[in-house]
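The values are calculated or read from the model by the stated rules, or taken from the named source; none is laboratory data. Since this is a predicted model, take the numbers as computed values, not measurements. In case anyone asks, the SASA skips ligands and DNA or RNA and just uses the protein heavy atoms, side chains included. Shrake-Rupley method; radii C 1.70, N 1.55, O 1.52, S 1.80 Å.
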Amino acid sequence: MMDSQQTRQGIGYALGAYFIWGIAPAYFKLVKEVPATEIMTHRVIWSALFMLLLITLTRSWAQVRSVLAQPKKVLLLALTAVTIGGNWLLFIWAVNNQHMLEASLGYFINPLINVVFGMLFLRERFRRLQWLAVLLATTGVLVQLWQFGSLPIIGLGLALSFALYGLVRKKIQVDAQSGMLIETLWLFPLAAIYLFGFADSATSHLSTNAMSLNLKLVAAGIITTIPLMLFAAACARLRLSTVGFFQYLGPTLMFLLAVLFYGESLTPDKMVTFGFIWLALAVFIIDAVAFSARARMRVA
């Protein structure tokens, strides 16, 4: 009964996280006049402050102190902080430099990398169709390299960094709020030093910005923390490969935004890679549905 309840909760958290991530590019387009590095620092600073407020309001400081009493977990959260920070920066740069399609490709690839990481590090077994799905995805990337002499560097960077983040967070087993707070606090000094000591652009001086722009930058904290907390909560309740299943929602929304609203075009190299990735995901979904059906039959 408890496992069933946790699974339902995990599914709800995963759906919420990926929906917000899917429409997040629309927010970053609203602040595209701000350099990516500055947006990144605002994400860190306001996320940390938002988490401090949230943990105070929910009276969750006992959980934070419990994590802080475990130095190994705190150090591992430094690793996840660097990983997710790099992912944020690459994603912001991609969205605001007309590479939203490649960003969506990265998040289409991510579920398959989650499966590979689950096999390599969590002893989750590959089924035959999962092998086929991973092979098809790999083929798509290799064909792009061979035929067009290019690699989806942005897509691969986003997929690998986010898969690593999910893997380490699952291994750490830290509650979502405490983990998010400690991660942002690891990054906070660097972000503050850069924004207030080194950044020098038309938007880096908050006192001279329009109030509407500053409010949008503050909102980066909410847009950052809520889906990450939902994702971390989902990882704690579901298999890593199952969490990856819900990732299709995010990149699908990104893909539609890029093509329908922001005028990005599908070049031949992207079409080839997308075709293989979508075929791989179709195989992956068929396998997941069939496996779930067999599991229900065994229980019955």
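Each principal axis of the Cα cloud of the range 124-177 was taken in turn, and the coordinate range along them, longest first, works out to 45, 29, 11 Å.
Given a 1.4 angstrom probe, what's the average accessible area per residue across the range 1-109, in square angstrom?
46
First compute the accessible area of the range 26-133 with a 1.4 Å probe, then give the percent of it belonging to carbon and sulfur atoms.
Of the solvent-accessible surface of the range 26-133, carbon and sulfur hold 67 percent.
The helix-only estimate of mean residue ellipticity at 222 nm for the chain, built from DSSP H runs of length n ≥ 4 each weighted as -39500 (n - 2.57), is -27500 deg cm²/dmol after division by the residue total. Just the protein heavy atoms count here, and of the accessible area of the range 171-300 at 1.4 Å, carbon and sulfur take up 73 percent. A full extension of the chain between residue 57 and residue 212 corresponds to an added length of 53.1 nm, given 0.36 nm per residue minus the alpha carbon distance. For Rg/Rh (Cα atoms, Kirkwood Rh), the value calculated from this model appears in [x] 1.09; [y] 0.98; [z] 1.05 under label [y]. Under 29 Å Cα-Cα from residue 29, which lysines qualify once same-chain neighbours fewer than 8 residues away are excluded? Within reach: 216, 270.
Bridging of residue 73 to lysines at a Cα separation below 28 Å is possible for 170, 171, once same-chain residues fewer than 8 apart are set aside. Under a Gaussian network description of the chain, with springs only between Cα atoms under 10 Å, the residue in 69, 24, 288 that fluctuates furthest is 69. In order along the range 208-220, phi translates into HN-Hα couplings of 9, 6, 5, 4, 4, 5, 4, 5, 5, 5, 4, 4, 4 Hz, rounded to whole numbers, per the Karplus curve 6.51 cos²θ - 1.76 cosθ + 1.60 with θ = phi - 60° and x for Gly and Pro. At a probe radius of 1.4 angstrom, the accessible area of the range 152-300 per residue rounds to 46 square angstrom. With the gyration tensor restricted to C-alpha atoms of the range 188-264, the semi-axes of the equivalent ellipsoid amount to 32, 20, 11 Å, longest first.
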